[in-house]
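A quick write-up on the structure given underneath.
The values are calculated or read from the model by the stated rules, or taken from the named source; none is laboratory data. None of these values were measured; they are calculated from a predicted model. In this analysis, Cβ positions are derived from the backbone assuming ideal geometry, glycine residues included, and neighbour counts consider all displayed protein chains. Side chains are part of the model used for accessible areas, which takes the heavy atoms of the whole protein and leaves out ligands, DNA and RNA. Shrake-Rupley method; radii C 1.70, N 1.55, O 1.52, S 1.80 Å.
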Amino acid sequence: MKVAFTSQGDNLDSEFDQRFGRAMYFIIYDTETNESQTLENMAGVESAHGAGISAAKKLVDAKVEALVTGNCGPNAFNVLAGNDIKIYLSNSKTVREAIEELNGGRLQISNSPTKGGHWR
Amino acid sequence: MTLAVASGKGGTGKTTIATNLAMVAAEKYGQVTLLDCDVEEPNSHIFIKGTKIKEEIVNIKIPEVDESICTECGACSNFCQYNAIMSLKGKPVVFKEMCHSCGGCTLVCQPKAIHEVDHRIGLINFYSLGKINLIDGLLDVGSPLSPPLIGAVKKLEGKDTLNIIDAPPGTSCPVIEAIKDADYIILVTEPTPFGLNDLVLAVEVSRKLNKKFAVAINRVGSGDDRVHRYCKDENIPIILEIPDDRRIAELYSNGKTILDNLPEYRKSFEEVLTKIGVVIQNGQ
């Protein structure tokens with residue numbers, strides 16, 4: 001399973017990002033092969049509005065099957081859920097720690113957005 | 001002519017000043033149009049107790065995609081800076097709350113699969129009380145975009161009446177939309193560190209917009225003299241000072257105007273209009 005982790009840096013030891021839309025990087029980790037790759041999210045970081053939507057599109061295009069992040073707003077949630085991407089919530093310190101949590105089955109799937117949209 | 005009452009900070013007394021000025025102006029000069037552009041929470045109607053004449057629904061244009069024509073090229077989604085239209089697995093999806101109604105997606109769509117449809121964002125209410133026409137915008141709950149509604153309210157400015165705009169608080173897009181065409185701006189503040197902080201921002205905005213403006217200080221005596229010193233240093237006229245008078249607060253909380261109930265303040269409101277009239281006439 002290909003899983004995206006929100007990260008403030010470009011490697012596994014980077015700080016895990018609690019934000020989804022404006023996370024600087026997504027670390028895409030494959031649970032079967034143990035391999036990881038880095039996906040930049042500059043467009044999301046710099047977008048004036050709808051960072052969550054554009055970040056979610058990025059993950060849909062990258063064909064990931066799950067996301068591990070700290071928070072996920074309503075628009076991003078709808079895009080992700082509508083494309084069958086599972087959303088796990090974590091408050092890990094590093095990406096590596098979040099991967100260990102996922103592998104150890106300690107993360108819960110989120111069935112609803114964790115936050116309201118910013119305009120509400 | 002259009003006079004806007006703005007403030008960097010909420011709760012400083014914009015509505016108090018806008019409504020009392022409207023009443024003075026109606027007595028002295030005839031027809032006045034008061035435009036309440038604080039569309040998230042318009043409350044001028046609480047003080048100007050007019051008869052409601054009508055209401056109008058305000059819509060903005062948002063895109064709708066005809067999937068039978070769409071070639072899934074993604075041009076619309078690449079174009080949209082607000083991520084309001086997004087190609088997901090080729091199919092465009094519209095996030096209507098994000099849309100700024102620029103119409104760009106309809107232009108870049110080669111197969112012409114996108115057309116615009118109405119999306120309601122709020123209401124405009126029309127009231128009348130003697131010589132005062134009160135027009136307010138009321139944004140729908142959950143609608144994030146107030147500038148288009150403020151723009152719609154401003155289109156109703158009277159051609160041959162004095163117009164007074166009660167602007168929203170802050171210094172962001174809604175305020176710019178409300179004050180950008182005004183001939184004169186009154187910046188309301190209070191003599192506190194927060195009041196001064198936000199006044200400085202509001203002054204910067206007014207200068208950027210190249211507007212004539214003056215400051216009105218509410219609750220004088222409740223804080224310190226930093227706002228007064230700032231205005232002196234920056235050479236900004238103080239056009240009105242309302243003392244920190246408990247009776248004014250009580251009137252406000254009961255939906256009553258200063259003008260009707262505390263005649264000693266009438267003169268200072270009258271002077272505001274006279275001073276602004278002189279400035280406008282002399283082009284200072």
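Only residues that are at the interface with chain B (Cβ under 7 Å from one of its Cβ atoms), touching a residue at least 12 places away in the same chain (Cβ under 8 Å) and surrounded by fewer than 23 Cβ atoms within 10 Å (Cβ to Cβ): list them for region A:48-68, please. Scanning region A:48-68 gives a single hit, A:60.
Filtering region B:60-86 to residues that are open to solvent by less than 70 Å² (accessible area, probe 1.4 Å) and assigned to a strand (DSSP E or B) leaves B:60, B:62, B:63, B:65, B:85, B:86.
Quick check on this structure: which one of A:11, A:34, A:71 is loosely packed, with under 14 Cβ neighbours inside 10 Å, within 20 Å of residue A:107 (Cα to Cα) and away from every other protein chain (no Cβ under 14 Å)? Only one candidate qualifies: A:34.
I'm checking my understanding of the structure. Among residues of region B:235-264 that are of a type in the set (A, V, I, L, M, F, W, C) and farther than 15 Å from residue B:186 by Cα, which one is surrounded by the fewest Cβ atoms within 10 Å (Cβ to Cβ)?
Out of the qualifying residues, it is B:249.
Among all positions in region B:238-251, there is at least one residue which is part of a helix (DSSP H, G or I), basic (Lys, Arg) and without any contact (Cβ under 8 Å) to a residue 40 or more places away in the chain. Of all residues in region B:94-121, those being under 18 Å from residue B:58 (Cβ atoms), more than 14 Å from every other protein chain (Cβ to nearest Cβ) and small (Gly, Ala, Ser) number 1. With the requirement that a residue be part of a strand (DSSP E or B) and surrounded by fewer than 18 Cβ atoms within 10 Å (Cβ to Cβ), what does region B:31-59 give you? Those that are part of a strand (DSSP E or B) and surrounded by fewer than 18 Cβ atoms within 10 Å (Cβ to Cβ): B:51, B:52, B:53, B:54, B:55, B:56, B:57, B:59. Taken over region A:74-105, the criterion of being within 14 Å of chain B (Cβ to nearest Cβ), surrounded by fewer than 16 Cβ atoms within 10 Å (Cβ to Cβ) and either in contact with a strand residue (DSSP E or B) (Cβ under 6 Å, 6 or more places away or on another chain) or assigned to a loop (DSSP other than H, G, I, E, B) (or both) is satisfied by A:84 alone. Assessment of region B:160-181 against the conditions (within 14 Å of chain A (Cβ to nearest Cβ), open to solvent by 50 Å² or more (accessible area, probe 1.4 Å) and farther than 30 Å from residue B:226 by Cα) yields no matching residue.
Among the candidates B:89, B:131, B:96, which residue alone is open to solvent by 40 Å² or more (accessible area, probe 1.4 Å) and on the phi > 0 side of the Ramachandran plot?
Just a single option satisfies the conditions, and that option is B:89.
If you go through region B:46-93 and keep only what is within 13 Å of another protein chain (Cβ to nearest Cβ) and of a type in the set (S, T, N, Q), you end up with B:77, B:78, B:81, B:83, B:87.
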